[in-house]
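These notes are about the structure you will find just below.
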Amino acid sequence: LPLAEKSLIARIRRMPGAGLSGAATSGLIRLGIGDDTAILRFPAGQEVLVTTDFSLEGVHFRRDWHSPESVGHRCLARGLSDIAAMGGEPEAAFLSLALPARLPQAWVDGFLRGLLALASQYGVTLAGGDTAQSPKERILADIVVLGSVLQGKAVRRSGAKPGDAIYVTGELGASALALKKLSLSLHSGKKLNPKKYPRHFFPEPRIAVGRYLLAHAMASAMIDLSDGLSTDLHHICEESRVGAHISAELIPRAEGATLQQALHGGEDYELLFTAPAKRKIPRSIAGVPVRRIGTVVQQKRGSRTSHHVMILDHGKAAELLPRGWEHFARESSKKPKSKSQASPK
Ligand SMILES: [Mg+2]
């Protein structure tokens, strides 16, 4: 049986990367777990970044597909990736968990191990949270991550200008490929080796890349690829009121991933950013390859949508529609009985 809240909290406080760390690990956390609220003190001249993300069993993970360590890691990685996309430094996390009454304690321990290992890797303190019994036999986790950034310096989605170059970090499609293999394994019964798909099971948030881009004032707009390149590029275009042209052959694809998986598969947690064309961008930042995939263009007049994204593939130009996770959402809303399916987002 999972531990009652009090002993769960006591357990968390004993784990590295959690609890009342005070000045020992981070000057910002004045008070961590154990009081009514945490106390954080941000230095003058800094702004606070706040992001919140659900991890829901059956939607974002499946217990038969993902180890508890992977679920805990991915839960925090989603929030860290959002902080990376602003060019910020992650500082503190707050975790709310609703757990089924019959969930084995070993699962909770594994989840916390995965989450706290990633937290300590990035100097993030788990500074509070809440636990409750889930009314359904499903695990629900909600994480809030707080980050810091120099006042006025956060990289927004809205700064892309016509003529800017468009870049992505790393390789795309690895997570969608792993999901595809996982769903095939339902029929074949063959187990997937998570070590072969680290980008899906244990994604590394691109904090160092975001930090570098901010420090060198290189990026005009940025977003993390959680929904999929097609959807996230539309988000930048929408907020910046611009269009985009990208080339299929320039998109860095993970080994074995199709173009469709690279374009529309979510949860790659790479960064998509724009920069003035004249600005020299390193081919690799903090050990992560950076590739130019296209150009920001002016918003097309008279276009049906407020923004226009074109993809050039084998000499042919076609409109690139946002078909990331929203596509899956639409699909499943047509079939209300399939709510329990795991979808990429
Ligand atoms: Mg994001």
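Values in this text are rule-based calculations from the coordinates and carry no lab data. These numbers were taken from a predicted model, which means no experiment stands behind them. Positions of Cβ are generated from backbone atoms using ideal geometry, with glycine treated the same way; all protein chains shown enter the neighbour counts.
Semi-axis lengths, largest first, of the ellipsoid equivalent to the stretch 79-163 are 32, 15, 11 Å, with √(5λ) applied to each eigenvalue of the Cα gyration tensor.
Dipole of the stretch 26-171 computed with +1 at Lys/Arg Cβ and -1 at Asp/Glu Cβ about the Cα centre; of ILE33, ALA85, SER134, farthest Cα towards the positive end is ALA85.
Using only side-chain charges placed at the Cβ, +1 for Lys and Arg and -1 for Asp and Glu, the dipole size of the stretch 57-169 relative to its Cα centre rounds to 280 debye. Here the simple spin-label model places points 7 Å from the Cα toward Cβ, and for LEU150 and ALA106 these points are separated by 5.0 nm.
Expressed per residue, the C-alpha convex hull volume of the chain stands at 149 Å³. Candidates VAL108, VAL124, LEU95 compared by Cα position along the dipole of the stretch 72-136: farthest toward the positive end lies VAL108, with charges placed on Cβ.
For the stretch 178-217, the convex hull drawn through the C-alpha positions has a volume of 62 cubic angstrom per residue. Tell me which of VAL242, ALA219, LEU182 sits at the most positive position along the dipole axis of the chain, charges placed on C-beta atoms (Lys, Arg +1; Asp, Glu -1). Result: LEU182. By definition, a body whose alpha carbon gyration tensor gives a ≥ b ≥ c is oblate when a/c is 1.5 or more and a/b is not larger than b/c, and the stretch 122-220 fits this oblate description. Hydrophobic, long helices, defined as DSSP H runs whose alpha-carbon span along the helix axis is 18 Å or greater and whose mean Kyte-Doolittle value is at least 0.5, occur in the chain at 105-121, 174-188.
Magnitude of the charge dipole for the chain, about its Cα centre and with charges confined to Cβ atoms of Lys, Arg (+1) and Asp, Glu (-1), is about 700 debye. Between ARG62 and ASN193, the simple spin-label model (points 7 angstrom out along Cα→Cβ) gives 2.2 nm.
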